[in-house]
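*Asks:* Okay, here's the structure, questions in a sec.
The values are calculated or read from the model by the stated rules, or taken from the named source; none is laboratory data. Just so we're clear, the structure is a prediction, and the values are computed from it rather than from any experiment. Virtual Cβ from ideal backbone geometry, glycine too; neighbours counted across all protein chains shown.
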Amino acid sequence: MEIVSHWVNQTPDHFVFHFQVPGMLTGFPIIPKNLPSIIARDLDRELLDKRQIQAFPKQVLEMGFDMFTAGMRPAVESGKLGAVICRFPPWFEPDESSFAYLDLMDDKTRGLVRAVEFLNAAWQKPEAFSQAIAFFKPRNIAFAATDSFRIRNYSGRGGLTKELAYLRFSGRSQEIRYLYSQPDLQPWLARTFAANSRAKNVYAVFASIQGMDAVLNARLFINMLKWEAKIRKEHKKKRTAA
């Protein structure tokens with residue numbers, strides 16, 4: 001389950017649709033029988049006989065991206081598309097081949113509001129991070145800031161565009177449900193307000209393994225944002241009066 005808290009102009013706004021690019025298009029292993037028939041029919045039997053498929057031929061990837069972007073059309077035309085998130089697995093490292101793949105992703109999803117999330121902490125190293133930001137900025141792609149157990153409970157920084165800032169919270173436990181506390185989320189308040197001053201839309205996305213964790217976590221963060229906004233407004237009044 002994923003719950004989106006849409007924070008724009010310091011006011012929680014209406015819900016919009018967010019979509020995750022299918023795992024087969026970002027390098028996650030896929031069980032062959034779970035592939036759409038239109039994709040499977042273009043694969044060699046040797047590939048289909050594998051227990052899992054992780055790498056697909058370029059023409060199959062292009063077909064998959066075309067199907068995905070076509071499916072986004074109703075949300076785009078209705079103005080209800082919040083963002084499309086491309087999540088890359090822990091083994092997706094910052095190297096030449098990865099940037100070539102990101103270039104393919106950009107070409108096939110152009111026209112959509114996009115954010116990219118990396119589950120490999122190497123993308124947070126100064127050189128790789130700078131290269132990624134330089135790559136994303138002219139393409140209008142947001143670098144998702146992540147709070148996740150997948151990178152050892154690391155709260156990675158992100159990079160925004162004029163249109164979008166994307167914060168994603170996956171919890172800090174892989175095996176059990178996780179409810180964020182106020183101390184957990186407190187450092188993210190300043191980051192959210194800073195992003196809000198630079199981007200048109202700021203999305204905080206909460207995921208959960210099961211139950212209502214995402215709903216509860218999102219509600220806590222919304223309440224914290226409201227309280228912080230109130231405090232900042234009062235401080236501004238006091239400074240103006242002085």
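*Asks:* Say whether the condition of being assigned to a loop (DSSP other than H, G, I, E, B) and either in contact with a Phe, Trp or Tyr (Cβ under 7 Å, 6 or more places away or on another chain) or surrounded by fewer than 16 Cβ atoms within 10 Å (Cβ to Cβ) (or both) is met by at least one residue in the range 184-197.
*Replies:* Checked against the condition, which is being assigned to a loop (DSSP other than H, G, I, E, B) and either in contact with a Phe, Trp or Tyr (Cβ under 7 Å, 6 or more places away or on another chain) or surrounded by fewer than 16 Cβ atoms within 10 Å (Cβ to Cβ) (or both), the range 184-197 yields at least one hit.
*Asks:* Same structure, new question: Provide a single number: the residues in the range 110-130 that are surrounded by fewer than 21 Cβ atoms within 10 Å (Cβ to Cβ) and part of a helix (DSSP H, G or I).
*Replies:* Final tally of qualifying residues: 8.
*Asks:* I've got another one for you. Suppose we filter the range 157-179 for residues that are hydrophobic (A, V, I, L, M, F, W, C), outside any strand (DSSP E or B) and surrounded by 22 or more Cβ atoms within 10 Å (Cβ to Cβ); how many remain?
*Replies:* Total satisfying the criteria: 1.
*Asks:* Does any residue in the range 221-234 that is closer than 11 Å to L189 by Cβ come within less than 9 Å, Cβ to Cβ, of a residue that is among the charged types (D, E, K, R) six or more places away or on a different chain, and which pairs are these?
*Replies:* From residues that are closer than 11 Å to L189 by Cβ, there are no pairs.
*Asks:* Under 9 Å by Cβ, and 6 or more places apart or on different chains, what pairs join a residue from the range 77-93 that is surrounded by fewer than 12 Cβ atoms within 10 Å (Cβ to Cβ) with one that is of a type outside the set (S, T, N, Q) and part of a strand (DSSP E or B)?
*Replies:* S78/F17
*Asks:* Can you name the residue in the range 198-215 that is modelled with pLDDT under 90 and small (G, A, S) and is also nearest to G156 (Cα to Cα) among such residues?
*Replies:* Step by step, filter the range 198-215, then rank; the result is A207.
*Asks:* May I pose another question? Would you check if A214 is among the small types (G, A, S) and touching a residue at least 60 places away in the same chain (Cβ under 8 Å)?
*Replies:* When the stated conditions are applied, A214 passes them.
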